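Q: Dumping the structure here so I can ask a few things about it.
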Amino acid sequence: MPDLKAVRYLVLVFAASVLVMAALTACGGGSNGGGNNGGISGSSSGSSSSVTGTVTWPDGHPAANASVYFYDHEPQFSATADGWSDGKYGVEQLPSNGSYSLGGCPCGDLTAYLYVPSTPGADPANGGRDCWIIMQDTSGNYSGLQASPGDVINWQARDMLCSPTWYASDQSAVQSQATAIDPSQNGGDPSAYAGTWQAAEGRTSGGGSGG
């Protein structure tokens, strides 16, 4: 006949083991980590399948109502879902807090541009032409960023005048155009730019740093 005390002891040990395993499972048993990648701020717990963050003007104000365009210039990049088309992803109107969500990455050569359309009838140098501005991350990088799902990248428009035309998306072109469009670098030719970023901010937000 089996020893009842021994049976009860084994039952108690088994029950205790089950409780310990359940507690470990509830705690997750692991940790969420993630180091920074240049200007990438870390991992986004709210949207693990997208790159998220904010877009601001050089003065730190959210780029509300402006548009932002992302490009990935990798030859092998072929994302067609998640809003991408021919390597381009556009957010036509940013919300009041300047937040965005970019699906379709990983991206190995990511660039971004702020866009404010022209105002009909306005002076060409002050709203009468489209305004394109190169954006950079918090480390000052503005070409060829690497981005993976879950990364948080906060973009800021560079402190430069507006370009009336869009920028090419490859690294070398962005770097050269960042200088060529700047009137302080090319003799101040007014045909090379389309007004100040302060004026563009004023048109989109109704306030900001200037009109």
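The values are calculated or read from the model by the stated rules, or taken from the named source; none is laboratory data. Remember, predicted model here, so these are calculated numbers, not experimental data. Here the Cβ positions follow ideal geometry from the backbone for every residue, glycine too, while neighbour counts run over all protein chains shown.
Q: Would you please list the contacts, defined by Cβ atoms under 8 Å and residues six or more apart or on different chains, that run from a residue in segment 91-115 that is part of a loop (DSSP other than H, G, I, E, B) to a residue that is of a type in the set (Asp, Glu) and loosely packed, with under 15 Cβ neighbours inside 10 Å?
A: Note: pairs meeting the criteria are Gly103/Asp82; Gly104/Asp82.
Q: Here is a further query. Cβ-Cβ distance below 9 Å, separation of 6 or more or different chains: which pairs start in segment 186-211 with a residue that is among the acidic types (Asp, Glu) and end on one that is at pLDDT 55 or above?
A: From residues that are among the acidic types (Asp, Glu), the pairs are Glu201/Trp57; Glu201/Pro58; Glu201/Asp59; Glu201/His61; Glu201/Ala63; Glu201/Ala66; Glu201/Val116; Glu201/Ala157.
Q: Something else about it: So, Thr111, is that one among the β-branched types (Val, Ile, Thr), at pLDDT 80 or above and surrounded by 22 or more Cβ atoms within 10 Å (Cβ to Cβ) or not?
A: Yes, satisfied.
Q: Output the number of residues of segment 42-98 satisfying the condition of being among the small types (Gly, Ala, Ser), loosely packed, with under 13 Cβ neighbours inside 10 Å and at pLDDT 90 or above.
A: 2
Q: Residue check: is Ile181 buried (at least 20 other Cβ atoms within 10 Å of the Cβ), modelled with pLDDT under 80 and among the β-branched types (Val, Ile, Thr)?
A: yes
Q: Follow-up question, since we're still on this one. For the subset of segment 132-143 comprising residues that are out of contact with any Gly (no Cβ under 8 Å at 6 or more places or on another chain) and under 20 Å from Ser101 (Cα atoms), which member is modelled with the lowest pLDDT?
A: Result: Ser143.
Q: Scan segment 120-139 for residues that are surrounded by fewer than 16 Cβ atoms within 10 Å (Cβ to Cβ) and over 15 Å from Thr54 (Cα atoms) and jot them down.
A: Hits for segment 120-139 are Pro120, Gly121, Ala122, Asp123, Pro124, Gly128.
Q: Just name the residue that is nearest to Lys88 (Cα to Cα) out of those in segment 116-165 that are among the polar types (S, T, N, Q) and in a strand (DSSP E or B).
A: Checked segment 116-165; the qualifying residue nearest to Lys88 (Cα to Cα) is Gln146.
Q: Which of (1) of a type outside the set (Ser, Thr, Tyr); (2) modelled with pLDDT under 90; (3) surrounded by fewer than 18 Cβ atoms within 10 Å (Cβ to Cβ); (4) closer than 27 Å to Glu201 by Cα does Gly35 not meet, given it meets every other one?
A: That leaves (4) as the condition not met.
Q: Taking segment 144-178 only, how many residues are at pLDDT 90 or above, buried (at least 20 other Cβ atoms within 10 Å of the Cβ) and either at positive phi or among the polar types (S, T, N, Q) (or both)?
A: Going through segment 144-178 one residue at a time, the tally reaches 2.
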